[in-house]
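*Asks:* A single structure is presented below for examination.
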Amino acid sequence: MRVSAKAEYACIAMLELARSHGEPQPVRVKVIAEAHDIPLRFLVQILLQLKGAGLVTSTRGAAGGYLLARRPEEISLANIVNVIDRTSTPRSEAARLAPSLAVQAVRNVWQRVQAHEQRLLEEVTLAELVRQTQQSSALSYQI
């Protein structure tokens, strides 16, 4: 599966917002950018794109930042990735192949793989990822 760096950054930023869900103060972009070494200007563009899709809300001012627009249970990785990587899958050089049974058989497999990937992304919510990070954090303290 090919996920762009932009989509990965978006997922990480959304996970950070999910971890702070329910807190009154919005999360500052700078905090997320510094914590994960994401270029600040790039992260601002990503969050604006997510805001345009209705996944986050923003607050201006000195105490401003971003919050999730919905509960973490209601946002899947598919919601995020599909906003950021909207374009269809890039066609390979093989797209110029003459149609044949062999070409069709291989392309059918690629379509099934894409459908499976999409279903998996739809199943994984931000709430689930928050739980995973909390469990990993608890385990590292027990060592």
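*Asks:* Does anything in region 50-79 have its amide N under 19 Å from the 7 Å Cα→Cβ label point of residue 85, and if so which residues?
*Replies:* Only 50-51, 53, 75-79 fall inside the zone, counting backbone N under 19 Å.
*Asks:* Additional query: Could you check the spin-label model distance between residue 114 and residue 3? Points 7 Å from the Cα along Cα→Cβ, value in nm.
*Replies:* If labels sit at residue 114 and residue 3, their model points lie 1.9 nm apart.
*Asks:* Per residue of the chain, what 222 nm ellipticity follows from adding -39500 (n - 2.57) for every DSSP H run with n ≥ 4, rounded to the nearest 500? Intermediate values should be presented prior to the final figure.
*Replies:* Values: 6 runs with 84 residues, N = 143.
That calculation yields -19000 deg cm²/dmol at 222 nm.
*Asks:* So for the chain, averaging the separation of alpha carbon pairs under 8 Å that are six or more residues apart and normalising by length, what relative contact order in percent results?
*Replies:* Worked out over the chain, it gives 30 percent.
*Asks:* A follow-up question, please. Using a 1.4 Å probe on the protein chains only, how many percent of the accessible area of the chain belongs to carbon and sulfur?
*Replies:* Of the solvent-accessible surface of the chain, carbon and sulfur hold 54 percent.
*Asks:* Further, regarding this structure: Rounded, prolate or oblate: pick one for region 1-44, where a ≥ b ≥ c are the square roots of the eigenvalues of its C-alpha gyration tensor, a/c under 1.5 means rounded, and failing that, prolate if a/b is larger than b/c, else oblate. Don't jump to the answer; show the numbers that get you there.
*Replies:* Details: a/c = 2.84, a/b = 1.51, b/c = 1.88.
Cα axes put region 1-44 in the oblate bin.
*Asks:* Oh, and also: Under a plain spin-label model, where a point goes 7 Å from the Cα along Cα-to-Cβ, how far apart in nm are residue 51 and residue 135?
*Replies:* Here the answer is 3.5 nm between the modelled labels.
*Asks:* Considering every pair of different Cα atoms, what Kirkwood radius, in Å, is found for the chain?
*Replies:* About 17.0 Å for the chain.
*Asks:* Taking the Cα centre as origin and putting +1 on Lys and Arg beta-carbons and -1 on Asp and Glu beta-carbons, what dipole magnitude results for region 18-120, to the nearest 20 debye?
*Replies:* That gives region 18-120 a dipole magnitude of about 240 debye.
*Asks:* Further question: Can you tell me the 0 to 90 degree angle between the C-alpha axis of helix 40-52 and the longest principal axis of the chain, rounded to 10?
*Replies:* 80
*Asks:* Which whole-number value in Å² is the accessible area per residue of region 1-71, probe 1.4 Å?
*Replies:* Numbers: 4290 Å² over 71 residues.
Result: 60 Å² per residue.
The values are calculated or read from the model by the stated rules, or taken from the named source; none is laboratory data. What you see is a predicted model, and the numbers here were worked out from it, not measured in a lab. Methodologically, a virtual Cβ is constructed for each residue, glycine included, from the backbone with ideal geometry; neighbour enumeration extends over all protein chains shown. We work out accessible area using only protein heavy atoms, side chains counted, and drop any ligands, DNA or RNA first. Shrake-Rupley method; radii C 1.70, N 1.55, O 1.52, S 1.80 Å.
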